[in-house]
1. What are the residue pairs meeting all of these: first residue in the stretch 26-37, first residue in contact (Cβ under 8 Å) with a residue 40 or more places away in the chain, second residue part of a strand (DSSP E or B) and among the hydroxyl-bearing types (S, T, Y), Cβ atoms under 7 Å, and 6 or more apart or on different chains?
2. If we keep just the residues of the stretch 32-62 that are open to solvent by less than 60 Å² (accessible area, probe 1.4 Å) and assigned to a strand (DSSP E or B), which is nearest to L107 (Cα to Cα)?
3. Do we have any residue at all in the stretch 84-93 that's open to solvent by 40 Å² or more (accessible area, probe 1.4 Å), of a type in the set (S, T, Y) and at pLDDT below 95?
4. Provide a single number: the residues in the stretch 46-74 that are touching a residue at least 12 places away in the same chain (Cβ under 8 Å) and over 17 Å from S93 (Cβ atoms).
5. Which of the residues that make up the stretch 72-83 are under 15 Å from the mean Cα position of the chain (by Cα) and either within 20 Å of P99 (Cβ to Cβ) or not in a loop (DSSP other than H, G, I, E, B) (or both)?
6. Given the residues R68, R101, which is the only one that is of a type outside the set (A, V, I, L, M, F, W, C) and touching a helix residue (DSSP H, G or I) at 6+ places or on another chain (Cβ under 8 Å)?
Amino acid sequence: MPPKKPGKKKKDVDWAADENFSKDRSMIYVEHTYECPIFQTKADECGSFFTQRIPERKFQLVKNRNGRQVPRDGAFEIAFSQNARTSEHLLWSGLEKGPPRRDKFPLEYEALVPDVNRILRKFYPDKAVGVADDEEEREDM
């Protein structure tokens with residue numbers, strides 16, 4: 001029997017490097033534990049949600065620093081940055097939540113959209129999407 005071939009290793013991409021960088025690609029960083037498959041599923045759902053909810057932007061989902069980060073037990077945290085060269089902003093932490101396990105995840109990712117738009121406006125005021133002018137005025141009050 002021939003030896004097993006190792007699985008294809010996903011290439012680790014440095015999104016901040018000049019050849020990969022785009023100021024129009026926002027980063028979604030998710031730290032999730034491996035103790036149950038639902039944590040990985042929820043991380044993928046988060047990336048898909050923002051891609052569909054804000055189609056005008058490009059998003060890159062980075063889970064556990066592309067495998068370089070050992071996640072903390074029970075961790076499910078979502079951070080966002082305007083692009084790969086700007087600071088990260090924590091949007092959600094389920095670290096101290098639960099049990100039950102469902103409390104570790106946001107009920108709706110829609111609840112995170114105002115924070116994402118606030119971050120987008122902070123760096124590029126013209127890049128905030130999905131927010132009507134009257135919504136912006138209410139947020140400022």
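1. Here the result reads S26/S81; M27/S81, each pair linking the stretch 26-37 to a residue that is part of a strand (DSSP E or B) and among the hydroxyl-bearing types (S, T, Y).
2. Per the stated criteria, the residue is H32.
3. Yes, the stretch 84-93 contains a residue that is open to solvent by 40 Å² or more (accessible area, probe 1.4 Å), of a type in the set (S, T, Y) and at pLDDT below 95.
4. 14
5. If the condition is that a residue be under 15 Å from the mean Cα position of the chain (by Cα) and either within 20 Å of P99 (Cβ to Cβ) or not in a loop (DSSP other than H, G, I, E, B) (or both), then A75, F76, E77, I78, A79, F80, S81 are the ones that fit.
6. R101
The values are calculated or read from the model by the stated rules, or taken from the named source; none is laboratory data. Bear in mind that the values here come from a model prediction, so they are computed numbers and not experimental data. Here the Cβ is made from the backbone with ideal geometry for all residues, glycine too, and neighbour counts use every protein chain on show. Protein only, heavy atoms only, side chains kept; ligands, DNA and RNA dropped before computing areas. Shrake-Rupley method; radii C 1.70, N 1.55, O 1.52, S 1.80 Å.
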